[in-house]
Structure formats: C-alpha cells, structure tokens
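K.L.:
Questions regarding the structure given below will be posed in turn.
Please treat every number below as a calculation from the coordinates, not as lab data. Quick caveat, the model's predicted, so the values are computed rather than measured. Heads up, the Cβs are rebuilt from the backbone with ideal geometry, glycines too, and the neighbour counts pull from every protein chain shown.
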Protein chains: 2
Amino acid sequence: MEKLTILLISLLLIFIVSRSWPPLITFKLKLKGSFEQHNFWFKSKIDHFSEIPHHPLDPLTIEEIKRARAILFSYRPLSSTFPSIHSLTLEEPYKSQVLGWKNGDPIPPRKAFVIALLNGKSHLVTVDLGLGRVTRHEISSSSGYPMLTLDDISKAVEVALLYPELAESIAARGVALSELVCISPSVGWYGPNEEGRRIVKVQCFSSGNTSNFYMRPIEGLILTVDLDKREVVKFSDTGRAIPVPRAVNTDYRYSAQEKPPEMRQLNPISLVQPNGPSFSVEGGHVVKWANWEFHLRPDPRAGMVISRATVRDSETGELRSVMYKGFASEFFVPYMDLDEGWYFKTYMDVGEFGLGALASSLVPLNDCPNYSYYMDGVFAASDGGPYIQPNVICIFERYAGDVSWRHSETLIPGLEAREARRKVTLVARMAATVGNYDYTFDWEFQTDGLIQVKVGLSGMLMVKGSPYENVQTMPNQEEISSTPLVSENVIGVVHDHFVTFHLDMDIDGPNNSFAKVDLVKEETLPGESPRKSYLKPKRHIAKTENDAKIKLDLYKPSEFYLINPSRRSRLGNPTGYKLVPGGTAASLLDALDPPQIRSAFTNNQIWVTPYNRSEQWAGGLLTYQSKGDDTLAVWSERNRPIENKDIVLWYTMGFHHIPCQEDFPIMPTVTSSFDLKPANFFERNPILRIPPAFEHDFPVCRPSSENKNKY
Amino acid sequence: MEKLTILLISLLLIFIVSRSWPPLITFKLKLKGSFEQHNFWFKSKIDHFSEIPHHPLDPLTIEEIKRARAILFSYRPLSSTFPSIHSLTLEEPYKSQVLGWKNGDPIPPRKAFVIALLNGKSHLVTVDLGLGRVTRHEISSSSGYPMLTLDDISKAVEVALLYPELAESIAARGVALSELVCISPSVGWYGPNEEGRRIVKVQCFSSGNTSNFYMRPIEGLILTVDLDKREVVKFSDTGRAIPVPRAVNTDYRYSAQEKPPEMRQLNPISLVQPNGPSFSVEGGHVVKWANWEFHLRPDPRAGMVISRATVRDSETGELRSVMYKGFASEFFVPYMDLDEGWYFKTYMDVGEFGLGALASSLVPLNDCPNYSYYMDGVFAASDGGPYIQPNVICIFERYAGDVSWRHSETLIPGLEAREARRKVTLVARMAATVGNYDYTFDWEFQTDGLIQVKVGLSGMLMVKGSPYENVQTMPNQEEISSTPLVSENVIGVVHDHFVTFHLDMDIDGPNNSFAKVDLVKEETLPGESPRKSYLKPKRHIAKTENDAKIKLDLYKPSEFYLINPSRRSRLGNPTGYKLVPGGTAASLLDALDPPQIRSAFTNNQIWVTPYNRSEQWAGGLLTYQSKGDDTLAVWSERNRPIENKDIVLWYTMGFHHIPCQEDFPIMPTVTSSFDLKPANFFERNPILRIPPAFEHDFPVCRPSSENKNKY
C-alpha cells in the first residue's frame, strides 16, 4: 500500500509540474474563451427588433419603419389605394442640427422620407415619426420615376413569362421553359416612344446544365413590359438563327468543379489578431479606430454612407472634421452595341436599382477576412414593411504586408538606423450584385490620415450570343477586336463603368475652397540657368462652379485641393485635403446622346458644387427613364459661387472594358481607387510615433484541429 | 492512508483526463517543432561560400567573383595598375542558350561582365570563368562614365571635408564639424564646363540632435569634387543667410519618440500560415508558387531581376512563357529648382548609383511580413572582391482581405449561390535607399495570371533651407504654392519620379507583335439607332518602332497588347498579355533640356524595340555624366521593324510630387503600379477551380508568451 501511495504521489507531482506550464494553462483558458470563436469575434449582433437610434444619422429601425408605414396608412390622400413604396429611409436632419449634436444630446426629431408611386405619379412624402403625421407631400414634376422595387422586377418577369409567343420562341431555340431565367434591364430614355409609362425590357437566358445562365443568352429576344399595366407592349424576336451558347465549363460553383486546377495548392493563409481587432462600433454605427471616428450606415440606394468622418490630430488630440458625407451617388454603365437588344443598356445602377437594395450578404472568411464585424441593412420593402438584409457591410482591419514608411540610414557615424512601419488600415466594405455584375466598395482609412476609396468590378460579363465559334471564320477580320469572342458563340460586349462619388468634404468645418494647382512648364531665359525648363505649381482658387469642372489631362497635370481658408497651420498654410484621382477613364459618348444627357454628371471627372440638401444624387432624385433634367450637370449650370462656402466635391471614377477570354465564364475582379489625402492638414506626419511590430506581437498558431489532419 | 490513496488516485485521473485532451498534446508537439519558429520559417539559408550556380541566370557566386578578379589581376593590359571595378556581374548567356536550357542540363559557360575604370577610361571586359581568361576587352567611346562606387561616394565626401573653406563656412552657420553629414549627389550633364572628368557635387547637413539630418540642410553650400584627382574644383557658398532648420521633432527613430500618438493603440495583426508558405525557392533562385515559376536574382544595378516568368496553363498543365526578363532599367528624378545648389539634381538612380548597390537589408516583420523568405545579394566591391548584402529581396505570400472573384445568385429557383474566392498572391520585394529616398519594388504574381509591378516612394524629402518660418511672411503670396513650406525654414522642392521598366515579354515564345487597340467614338447615322454614339475598339498592329511610341491620353484611350500572332486560342484569338498603365504622370521638361536629353526614354510612356542584347539600360550602359547618346530614344530612332519579332516593351511610371507638411519629417509611402494582364492567353479564367476558404483553414492562435502579459 505504501508503495502504491508513493507511486501515486510521484505521478501526481509529475502531472502537476507539466500541467502548470504556464502557456498551456493560458492557452486552455483562451481556447474556452474567445479564441476558438475567432471567426465570430463579434458575437453580440444588434437585435433589430428592439433597436433604438443613438445618433442623428442612424438609419430607421424596424420599429420606425413600421411606424412610418402605419402613419402613411392612415394618411388620407394615400390611404384609399396604398401606393407602392420605392424608398422609405431616414430623412436626414439639417446639417446644422447634425453638426450641433454631441454624444449624449437627445437626437433630433426622427423623420422618414418616402418616395411612393401611385397611378403613375411619384409622391415625395415626409413622415414625422415624433409628431405621428405627414409633414410634407408633393407630387414630383420631374421626368423620371423612382427606383425599381424588387417587386417591379419580379412582376415584369412574370408578365413576360406568360406572354404566349415567348414559349414558342424559346421552344424554337431548343430551350425548355423550366430552364428559362429572365432578367429585367432598365430601359433608359430614348425619345418619346416609351415616355409616360414605366417600362422595362425583359431578356432571357438558359440555366440548363449551369448556374451561370448569364453565359447562355437567348439572343435577340426582348420583351418590353409596361410595369404598371402589367402587359407586354413590344415583343422583339430577331435572333433565332443565333445558337444559345453551350453550358459546358460555365458553372462557377466550387461544388460543380470536376477537376482541380493545374497548379500547386496553396496552404491556408489568414489575417490573425490574437488580441482581437482594435476598432469598436458604438451604438451600432459609430466606428472608432486608431485616430479615426466616423458614422457608417447601409443605405438602400447608395449602398453604404460614411458620415462625419473625423480624425484625431496627432499633436493636439483634437478631433477634426474631414468629411461630412461620402457615398456612391450614381453608377453609369453604357454598353457599346446598337442592336435592338442592346442599345438601351446604359444603366444607372444607383438610381434605377439601388446598391443597397441589391447588396449581397457578404460571405464570411471569403468576402471579408476573419475578425470582421458585419452590419445588417434594415430596409423597407415595396409594401412599406421592414426587412433585414444581413451582413451587407463588413468592417475589418487590414495588414497586407505593406509599409507605411521606411528608411535605412548608414551615413551617421555610430548610428545605423533601419526603420520601417507596417501599414495597418481599417476597411469598410459592401458588395452589390446588380444582375451579372458584382460591385465591391471599400472605404479604407489609414493612420496617416489618408482615405482610399476603392471600387471592384467582378461577377460575370453581360455577353451577346453570336453565330461564330472561331474568330477566323468571322467576316471583316479587321473588325474582330470590336466584337471580342470570349467563348464559342459568346461575345463580350465592350462597355464602360463610371461611378460618381458625392464627397461633402468639410475640412475643419463646412466652409472650404477648391484649389487647383497646375504644374506648369516654365522655360528659362538664355543664360539664366544651365537648365532650359522646370515645372512650377500655380494655384488657382475656384470662384464659381465653372472653375471647378475638370477633365483630367496627363500632359497638363494639376492637383486638386479642398482647403479651409480660415484655418491655417503653424506655418500659415491653409489646412487641406487633396483628391488624388485614380480609375481615370472618361466618358467619350456624344454629349447629345440620350444616355450621356442622362449621365451628364460624367461630362467632367471633377465638379464642385455649393452644398444643397437636395443635391445628393448625381443622376437626379428620380432617375428611372428620366430625361436628364435633374442631374449634377443641370444644377451646376447656375455657376454658383463656391469660394469659402460649404462645398461638395464630386469625383467620377471610370473604367473601359474590352472583354477577353479570361473574363469567361467569370470575371476576375478589376479594381481602381482614388485617395483623399491630407495636405497641410497635419502639422507633420502623424505616423512617426506609431510603433513598429516586434517579435512579441506575433501570435503562436496551430492549424485548426480539422485542418491539421489534412496536411 | 486509504483516504489519501483514493484522493491521490482521483487527482491523478483528473490530470490524466485533462492532460490527454488531444489538441493540447498536438499543440505541444507543434510548439517544439516549427511553430515557435514561425518568423524564421526558412532557416536553411544559402551558404554563399560553398554556393554553386544551378541555372544559366544565377548570379555570380562568391567563388566566381573571386575567380573573375583573379583572372583580371593576371590580365596584362589591366594588371599594372589595377582599375577600379564599377560593375562585375554575370554576363548572361545568349537568350537562345538560356531558352534551350532545361533543368538537369549542364549550365552554359559562366562569364563575368566587368566595367572597370582606369585613367578616366571605361573598360568593358568579358572574363570567361571556364576558360580562365579575358575574352573581350574594349574601351568605351560613350560620353558617360560607369556607376559610382561606394568608394567614389565616400572619397568625394572625404575630399570635401578636408577643404579648408568648408570648416569656416559651417562654423559661420553655427554647425559643428562633428555633426556634419555630407552626401554626394550626381551632377548630370550641363554642357562642356564639367566634361572630361568625373565630378560629384557634395552637399552637407547637420545631424545635431537628430538622426534625420536630411531635414537640416546647410543651404547654398556646394562643393564640386573631381573624383579622380580628388580635389575640390569649385566651392559655392551662397546661403549663409539661410538658417539651418531646427532639429526639434525631426528624429524618426522609434526609440527617439517622446510621447505616444494621440490615437487608440492597435492590437497586433499578422499574416499567418500555420502549415507554412506554399512556395519554394529551388537552387536559391527559382521560385515556384501556384501556377507560376520564375527566376529571381538581386542585381547591383537593377536591384531585382525577374527572368523566365512562366505560368502553368490551367487547362493543359503546360508551362507557358510570359516574360523573358523584367527589371527597373532607369529611374529619373528631376527637381524643379534653378538654384546653384539645385539645378543639377536630375538623378538617374539606376545608372548613376545602382538600386542593388544601395539595396537595404530588409527589416524582418516590418519591411516584409512573417513567413517571408529572404535572398541575399552577392556583389563585387570596387576592388573586385565579393561581399554579401544580406536580405535584399524578400518573397512572401499575401492575403490582403481582397476578393479575386465573387458572385451572388438568387434568380435560379432552388439554387442560391454565394461564391467568393479570396485573392492570395506571391510578392517579390526589394527596397533601395538612395540617399533620402527609399524606393520599394514589388513584383506580385496572381493565380489568374496577372503580374502587378508596384513602386513605392518613401524615406524623406530632399528639402531646401529657406529664410521663412511662415508662409504669411513670404513675399509673392501668389507664388507660395511653387515653394511649399513644410516646416519652419524648410521647403519641400517640387520634383518628379520616372521609373522605366524593361519588359522583355515573350508570350508563348520570343516572336510577338504589339497591338494598340484604340477605343474610338463612332457616331450613328440619323435614323440608324436611338443612340447617337458608341465606342468601337480598333486594332493596329505596330509595324515599326515609331508605331509604338505612345503618350497616354485619357480622352483618346487605347489598350496595349503583346500578342503572339502564330499561337492562337481555341477560338482563334492570338494569345496575348495586356499592359495596364498606372502611375501615368508624364515628363513635361523641354525635350532639349539637358536632363531630358539624357532621360529621353521618358519622352514617351510606352516604347517597343526589337530585342537587342546590348539594349538593357534605358539611359545607356554608361550613364554617369552621359550626354544622352546611348538612350532608348536614340536606339529607337532607327525605327526598326517590330512586327512578329522578339520584342521588348518599355513602360515608364511617373509621379509628380508637390510636397506638403505631411511629408515632414518623414514621407508616407506613395505607391503606383501597372499590370501585365493575360488577354486571350488562357482559354478561360483560371481561378474558378481554386477552392474558397473554409473554417478548417483557419488556425487557432494565441498571443506570443511575451505579448499575452501585456494585454
């Protein structure tokens, strides 16, 4: 017995010693805590059913949408036949109210702004949720209609599918009704033919043997549908000779792939934050990270709105205003094909469909890295009732292996400096699936004060059926490049993308000026210098809107500053931010071409307007089928004063897209970005005091238990 | 006793159960293996003293450099007075030899190409290491001199420091000799005054109370030094009235920062690969990753050379040629100031100093993420002897939270697809510290076949002393923007950067053509279409060099393709890659300005030349003080045929830089990039079959043991 006792005591001591090895204990505690859950770091998501607004710009809650709907229901002028609701969102308080509000103050009265359609008329309605009544109601006289609802889209397709000649036409092409998938592109405006009624064009595809029906167009089959009468008003069927392209190799689902790629497999790689992310999201919408604070909200039309972006001064600790509001105001996508089924494809995705209404629920771990925070969209449906679109925005910290500053120094005796600071940023991301195209929007905040706005284009091409299987059998060989064959019987139609951002910059307050600094070539006088020429920056302050309508020119370069003339740095420079353009393709359509008239906001790449509460949407409040009478270009014809005023900067990013085989059957993401960069805003660079990374910052990791058995 | 026994047995069982919990055991094993070492993943670095070449393009080894030097020493024409060695590198075998070589073949005869300077003459010498003798020796008749050696630079400063009037001048300005730091900018060429002898200009700074002497220029003090006679040939001292700027707040070392930044601290974040990286580096230089294979080597002049970049066809498994050789050929940096101390600052950093000679040893964890592989440079010193510059290149995999493709689908009944693929890439990076500026170069390879080449500008500004402390006291208020005050007495001088890449693209073999596809606005005839205009791509194949000299124009857009006319895709499209420009600032200096004559390779943003073994360096083989008689622009005057030939694409990225306060006292990295993008190269997009990330791909991490106590 004694021997057993000694043995047991010895064994126990051995286990106690090994067991108390500190890292293992800590590890176990952590495992039971948050580490096992690292992909779901932010578990306590908002309960939208009990949510209340905390900030003047918080979007309407479920309760508020319900209340707005109830008030509308009891509002006599609209209640006999309840209209379809095309937009029901927060009516933002006046800018002065928002600027005057401080955390802890009661928030200003909550109002809903409603765009409703009844008997072909657009009603603009303000519902005061506090007073419980409609406080404004006007019928728009604009040429355009409100955004299509998801209901409009599905009803248009229903109407088309019931059209008798459709069945015959698709049968003649060998497509089964069961595999038919139809979409409803918007129509634009092309003269009086389709005026005075809401119209869409319905176009169909075959989903036989593939998820990727977009690669199988039924070419030349277009049904023009009156949305309100619910009838086909025109049936165009011209492409029966064009085969429906094959399904083989088009399915994009991972589960449908039959063979692995001919490349070395990649080992898992991920961003890891063992102590969790460094940002917080307060009250559901106020994001705080490093030196940045801003308000972030999903919006059914803009997709994502950044408001009140402020940055803490690295010297004084003061929280300083950079931007009052920034968002994608319009997205113009003209295709370059004159055919009956194509000429009208000149989309304005923001005003016609809404980036938020079509926002994707982001795919965790793939659309956004682990340690992301996801924000839901709470939107109103066409019956005015609320719904939740989950995970439409993600917020995450990013380290991409880049350097925010570096220097090596060897010239000082006794001092060898090798300094480098890693670039860690904060990204707010959303993605909208507008039919075939998937657009991603990133707003990326840097510790040096820079904001980078990035747009990514992915998804699938909008393709055209073609009788040809090989370019060498196509006639007009010299024309081939204008109709790029991307697969057998599939042409990738050339098109452009233009996304116009509304950037209400408030550098240290609302009143700013726009300064264009030209880099001008100066020539020296004979004998003046060994040099014959040099560049000299020359600054021009824009007095009125016309001074700030800018087409970029690489051989007449300029820089573009928003400055606050009444706030100066220690050195006397006005504080400022600079717009650094990127994605600089310009729209080249004729200024009198109908789509260009409607999207005349792309006539210039930069515009500056005085702040006007009603001028939010570059293509007009009511964009659908509009004639272009309410665009940025029209507002700006007044040539209003913009010097030392509350001004708004508009920047249009552009992409030309000539497709190629690599865009088939899916399209690798193409991105471009522009920067808003501090320029004499800080007294000095704010990143110097940020520490480098040290060995002890790096976590110790093991493969997840599932994965470790695989390798 | 029995109670004790039971207690002991119970305790033991508890410990056994908890101790044998499988993840903990695994974890411990891993800890003892590689995981603790994660930042030093690649431990088995090359032993350069026993290294032998494995590939025709492997750089010279230590042994080979020693042998070349020994052969030179016994070579009668140079051995009486041994010359200074300005370059001693691999003389690449003929392209046909390299293309004919396969892994396992004996490598072609090894040769060294030497540029040596003796009595003011540049000797171009080929040393055959196998034959043990000099096989070519010619004296250059070019106007230029070889790259400066580190020896030249230090000797120039020595000579200047001994110049008697210097001491007096700096004393008059209150600067102690002990805190003096001098640099030796290159001089350019400005007419006959400084011809026929090697010259540098020496310029000095005060390092008193700061590591960042660059912010403390001693303005107007320039010593022109004859490098070979070792004497000051001109002493210019015009700026005594200009104070040396203050040191306060300029030190950039993290250890010198006194207060933390006014921002929330960031938690650690890192890229983690629990199973290690997915790439391998074979024989020290052949990198294999995903579908890519390429040869990578440090080069004293170009910094980093990518050779034989090949990509595996995702359909057939064939390894296909994309690029024979790519590197930074020249880097032109003209400053825009006519002063005696400034007009000559029109650097050509590659040919004058060498990006590899000035390559930084990269700072692990900060310059490059963990799991990086580091490659050393083995270079020759000015005495011909070898030396090792450690860690000049890093290679790492990157996941930046981006998406290489995404799509959501809701239109197919019964199928809801949400697909997204993360973008994981491979980066090869180097950084060169050219005085104040730090340049980083990234070659990033994507699984979809795209190569992105990125240049980053960081370090510190080259600043000019000024009598002014505040812009509001400066005269000519309207001129202020042309001399930006970035701190008290400190002006950030306006300048440009142009980096010209040599891109010897071999799309599926050497013989390629250059196709320019213009996007041309077409107008419709009345009644032809509801549209008035559309864009039509029109392709032009360049016949000769003049057809491919291109200035970019945003309002006359074009795309630029390298195609292989004799290899066609299944659809009949010629296989190709497209150059997607970025960093598009153009040089605006007068074409007859001396620096522009020497850097005439920036007259166009794109050039295409027939392959010519001797045309590697856009500014000429001997760049220093050259008159521009050996540039890309001169070679290209012959207007040679380039259709269906072995051709080289030259692309120049440009940056205009108007400094601001945020560039003081350090400069946040500014980056631009251009893409080489497959266009009808693959039959279809190759990324489709790459798997998404799954939960089990994500590691389980804990803070490092040091760090966990901190938080």
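K.L.:
Subtract the Cα-Cα distance of A:Lys229 and A:Arg613 from 0.36 nm times their separation in residues, and report this length gain in nm to one decimal.
P.N.:
Gain on extension, A:Lys229 to A:Arg613, equals 134.8 nm.
K.L.:
Ok, one more. Averaged over its residues, how many other protein chain Cβ atoms are within 10 Å of peptide A:587-596's Cβ atoms?
P.N.:
5
K.L.:
May I pose another question? What is the set of long-range amide H partners of B:Lys111 at a cut-off below 5 Å, with H atoms built 1.01 Å from backbone N?
P.N.:
B:Glu91, B:Leu129
K.L.:
Peptides B:654-662, A:231-239: what's the order by average Cβ count within 10 Å, highest mean first?
P.N.:
Packing order, densest peptide first, comes out as B:654-662, A:231-239.
K.L.:
I'd like the Karplus ³J(HN,Hα) series for the range B:358-370: coefficients 6.51, -1.76, 1.60, θ = phi - 60°, whole numbers in Hz, and an x wherever there's a Gly or Pro.
P.N.:
Values per residue, Gly and Pro as x: 9, 5, 7, 6, 5, 8, x, 6, 10, 6, 9, x, 5 Hz.
K.L.:
Could you tell me whether the range A:463-559 comes out rounded, prolate or oblate from its Cα gyration tensor? Rule is a ≥ b ≥ c as square roots of the eigenvalues, rounded for a/c under 1.5, then prolate if a/b exceeds b/c, otherwise oblate.
P.N.:
oblate
K.L.:
Next up: At B:Glu488, label 7 Å along Cα→Cβ: distances to the other copies, nm, ascending?
P.N.:
7.8
K.L.:
Using a label point 7 Å beyond Cα on the Cα-Cβ vector, give me the inter-copy distances for A:Ile139 in nanometres, one decimal, shortest first.
P.N.:
Counterpart label points of A:Ile139 in the remaining copies fall at 9.7 nm.
K.L.:
Dipole of the protein assembly as shown, Cα-centred, from +1 at each Lys and Arg C-beta and -1 at each Asp and Glu C-beta, to the nearest 20 debye?
P.N.:
Dipole about the Cα centre, nearest 20: 2400 debye.
K.L.:
Give me the dipole magnitude in Debye, nearest 20, for chain B about the Cα centre, with unit charges on the beta carbon: positive for Lys and Arg, negative for Asp and Glu.
P.N.:
2000
K.L.:
Taking a ≥ b ≥ c as the square roots of the Cα gyration tensor eigenvalues, with a/c under 1.5 meaning rounded and otherwise prolate when a/b beats b/c, else oblate, which class fits the range B:217-327?
P.N.:
The shape class here is oblate.
K.L.:
What does the copy distance list look like for A:Gly174, label position 7 Å along Cα→Cβ, in nm and ordered from shortest?
P.N.:
9.0
K.L.:
Sort A:322-329, A:74-81 by packing, meaning the average of other beta carbons within 10 Å per residue, with the highest value first.
P.N.:
Going by the mean number of other Cβ atoms within 10 Å, highest first, we get A:322-329, A:74-81.
K.L.:
Shape of chain B from its Cα gyration tensor (a ≥ b ≥ c, root eigenvalues): rounded if a/c is under 1.5, otherwise prolate when a/b > b/c, or oblate?
P.N.:
Since a/c stays below 1.5, the shape of chain B is classed as rounded.
K.L.:
Report the calculated FRET efficiency for B:Val520 and B:Phe73 (r = Cβ-Cβ distance, R0 = 51 Å), to the nearest 0.05.
P.N.:
Efficiency, rounded to the nearest 0.05: 0.20.
K.L.:
Here is a further query. For A:Tyr555 and B:Leu131, what is the calculated FRET efficiency with R₀ set at 56 Å and r taken between the beta-carbons, to the nearest 0.05?
P.N.:
Approximately 0.60, to the nearest 0.05.
K.L.:
Follow-up question, since we're still on this one. Can you find, among B:Pro557, B:Phe331, A:Val181, the residue sitting farthest towards the positive end of the charge dipole of the protein assembly as shown, where Lys and Arg contribute +1 and Asp and Glu -1 at Cβ?
P.N.:
Checked the options; the winner is A:Val181.
K.L.:
What order do you get for A:264-275, B:551-562 when each peptide is scored by the mean count of other beta carbon atoms within 10 Å, highest first?
P.N.:
Put in order of decreasing packing, that is A:264-275, B:551-562.
K.L.:
For an R0 of 56 angstrom, estimate the FRET efficiency from the Cβ-Cβ distance between B:Ala256 and A:Asn209 and round to the nearest 0.05.
P.N.:
The value I calculate is 0.25.
K.L.:
Rounded to the nearest 500, what is the protein assembly as shown's calculated 222 nm mean residue ellipticity when only DSSP H runs of at least 4 contribute -39500 (n - 2.57) each, over all residues?
P.N.:
-3500 deg cm²/dmol
K.L.:
Can you give the average number of partner chain beta-carbon atoms within 10 Å of each beta-carbon in peptide B:556-564, as a whole number?
P.N.:
So the per-residue partner count for this stretch is 2.
K.L.:
Calculate the mean, over all residues of peptide B:549-555, of how many other protein chain Cβ atoms lie within 10 angstrom of the residue's Cβ.
P.N.:
Mean number of neighbouring Cβ atoms from other chains: 4.
K.L.:
Scan around B:His137 for amide H atoms under 5 Å from its own, H built in the peptide plane at 1.01 Å from N, and keep only partners 5 or more places away or cross-chain.
P.N.:
Distant-sequence amide H within range of B:His137: B:Thr126.
K.L.:
Of A:Lys201/A:Lys229; A:Lys551/B:Lys454; A:Lys521/B:Lys201; A:Lys345/B:Lys551; B:Lys111/B:Lys325, which sit over 23 Å apart, Cα to Cα?
P.N.:
A:Lys551/B:Lys454; A:Lys521/B:Lys201; A:Lys345/B:Lys551
K.L.:
If you don't mind, there's one more thing I want to ask. Distance cut-off 32 Å, Cα to Cα: go down the list A:Lys259/A:Lys423; B:Lys121/B:Lys516; B:Lys95/B:Lys627; A:Lys288/B:Lys677 and report the pairs above it.
P.N.:
A:Lys259/A:Lys423; B:Lys121/B:Lys516; A:Lys288/B:Lys677
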